[in-house]
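Participant: Would you mind keeping the following structure in view while I ask a few things?
Here, each number is a calculation from the coordinates, and none is a lab measurement. What you see is a predicted model; the values in this text were computed from it and never measured. Cβ coordinates were reconstructed from backbone atoms using ideal geometry, including for glycine residues, and neighbour counts include every protein chain displayed.
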Amino acid sequence: MILQDNLFTILSHEAGQPAFQVQLHRDWPIYKAHFPGHPITPGVCIVQMVQELLQVHLGRKVSLLGAKNVKYTSIVSPEEVTDLTVTFPKIDPQPDASLKVQAQVSAGDKLCTKLSATFR
C-alpha cells in the first residue's frame, strides 16, 4: 500500500538532509475505522510512512527486513496533529547491502515514535 499522497503529503525535504516535514490527511478512510470518533494513526502506517520517506531520501526502493525497538511514545491523532517531522538520525550501510536505520517521528517538540530497523 502506498501512503504518500493518500495518508500523508511531503511538505518539505531538503536535498541531502534525512529530514522531512509531512502533513497527514485527516479525511483518509483509515481514520473512520481506527477508531471511530477518536481517530489515531495506526502504528503500521507510521512504520510504512518511515519506509516510504527513506525511499524518497535514498532515491530507490527499500524493503523492511526487520524492526527492532519500535516505541510509540505519543498517539498521533489527526484531530490534534496534522504536521509531523520525520528524521533519520542514523542510516548505516552494512556489508550485506542492508541498511541499519534509526528514525524518529515528532509533532513539534513531542516525540511520537522511535524505531530501529533494517532495510534492504
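Participant: Could you tell me how many of the residues in the range 7-43 are loosely packed, with under 13 Cβ neighbours inside 10 Å and either of a type in the set (Lys, Arg) or assigned to a loop (DSSP other than H, G, I, E, B) (or both)?
Facilitator: Qualifying residue count, the range 7-43: 12.
Participant: Within the range 57-77, work out how many residues are surrounded by 14 or more Cβ atoms within 10 Å (Cβ to Cβ) and over 20 Å from Phe35 (Cα atoms).
Facilitator: Final tally of qualifying residues: 6.
Participant: Limited to the range 52-76, what total is found for residues that are under 19 Å from Gln21 (Cα atoms), in contact with a helix residue (DSSP H, G or I) (Cβ under 9 Å, 6 or more places away or on another chain) and of a type outside the set (Val, Ile, Thr)?
Facilitator: 1
Participant: In the set Gly43, Gly37, which member is of a type outside the set (S, T, N, Q) and at positive phi?
Facilitator: Working: Gly43 fails: at positive phi.
Only one candidate passes the filter, namely Gly37.
Participant: Is it the case that some residue within the range 91-108 is surrounded by fewer than 13 Cβ atoms within 10 Å (Cβ to Cβ) and assigned to a strand (DSSP E or B)?
Facilitator: So far as the range 91-108 goes, yes, one or more of its residues are surrounded by fewer than 13 Cβ atoms within 10 Å (Cβ to Cβ) and assigned to a strand (DSSP E or B).
Participant: Here is a further query. Name the residues in the range 40-78 that are of a type in the set (D, E, K, R), farther than 13 Å from Ile2 by Cα and in contact (Cβ under 8 Å) with a residue 40 or more places away in the chain, would you?
Facilitator: Lys68, Lys71
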